[in-house]
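Have a look at the structure below before the remarks.
The values are calculated or read from the model by the stated rules, or taken from the named source; none is laboratory data. This structure is a prediction, so every number in the text was calculated from the model and none was measured. For neighbour counting, all protein chains shown are included, and Cβ atoms are generated from backbone atoms with ideal geometry for every residue, glycine included. Please note that ligands, DNA and RNA were not included when accessible areas were found on the heavy atoms of the full protein model with its side chains. Shrake-Rupley method; radii C 1.70, N 1.55, O 1.52, S 1.80 Å.
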Amino acid sequence: IARATSHDGRPLVVKIFGRDARQGQLISSTWASLRRRGEIVRISTGWQQAQHEAFVSLFAERGGVPVMPVVAAGTAPEGDAFLVLDADAQPLASLAPEQIDDRAIEELWLAFERLGRLGVAMGRVDGHGLFVREDGSAALGEFADATVVAERSMVLADKAQLLVVTALAVGRGRAVPIAART
């Protein structure tokens, strides 16, 4: 992941999916299939990974989920794939509790509710894929491990992870009541 600036001064995030990422996938997918008997070894190219993340992000955005907007996707001459996102926000993990207001946490819960209605599970929820914009609003920006047409248990697992991430970010005393009322 690299930070960049557009020609008009907007901050961007560039995700690069290298050709060598395939080897890492082979190792981790094979290990997972050995640990969880019957799981299929899945390997995708960098371009497939970029396409998947762009598709889920655009699908979620169309469904009313606040996301880090997709600016571009493609391949570089040396074969690496890339995905460019608008980056007008800070990751939740990089903010102090007092920099995160209750509205942002509420918006994250509403975003996950919308994702669930769309049948999407993020798969990996952490403070690096959840964002707070300068105006205090929230956005999602990490769909690499997302599943479309997710099982209910996957959607519930996302929500459990969201509760833990927000409790770590703002404290249990703030996170739990916000989750309960939202």
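Of the residues that make up the range 59-67, is at least one touching a residue at least 12 places away in the same chain (Cβ under 8 Å) and at positive phi?
Checked against the condition, which is being touching a residue at least 12 places away in the same chain (Cβ under 8 Å) and at positive phi, the range 59-67 yields at least one hit.
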Boolean, Asp86 is over 24 Å from Val148 (Cα atoms), surrounded by 15 or more Cβ atoms within 10 Å (Cβ to Cβ) and modelled with pLDDT under 95: no
Positions within the range 90-111 being surrounded by fewer than 20 Cβ atoms within 10 Å (Cβ to Cβ), of a type in the set (A, V, I, L, M, F, W, C) and in a loop (DSSP other than H, G, I, E, B), in sequence order: Leu95, Ala96
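Yes or no, residue by residue, for (1) within 16 Å of the chain's Cα centre (by Cα); (2) hydrophobic (A, V, I, L, M, F, W, C):
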{"residue": "Val70", "(1), (2)": "yes, yes"}
{"residue": "Glu78", "(1), (2)": "no, no"}
{"residue": "Ala89", "(1), (2)": "yes, yes"}
{"residue": "Gln99", "(1), (2)": "no, no"}
{"residue": "Glu106", "(1), (2)": "no, no"}
{"residue": "Leu115", "(1), (2)": "yes, yes"}
{"residue": "Arg124", "(1), (2)": "yes, no"}
{"residue": "Leu130", "(1), (2)": "yes, yes"}
{"residue": "Asp135", "(1), (2)": "no, no"}
Cβ-Cβ under 8 Å pairs, at least 6 apart or on other chains, the range 115-139 side open to solvent by less than 30 Å² (accessible area, probe 1.4 Å), far side basic (Lys, Arg) and part of a strand (DSSP E or B): Ala139/Arg133
Matching residues, the range 151-173, being among the β-branched types (Val, Ile, Thr), open to solvent by less than 60 Å² (accessible area, probe 1.4 Å) and under 19 Å from His128 (Cβ atoms): Val165, Thr166, Val170
Residue under evaluation Asp145, criteria (1) outside any helix (DSSP H, G or I); (2) surrounded by 14 or more Cβ atoms within 10 Å (Cβ to Cβ); (3) touching a residue at least 24 places away in the same chain (Cβ under 8 Å), criterion not met: (3)
The range 49-75 - residue that is among the polar types (S, T, N, Q) and part of a helix (DSSP H, G or I) and, of those, modelled with the lowest pLDDT: Gln49
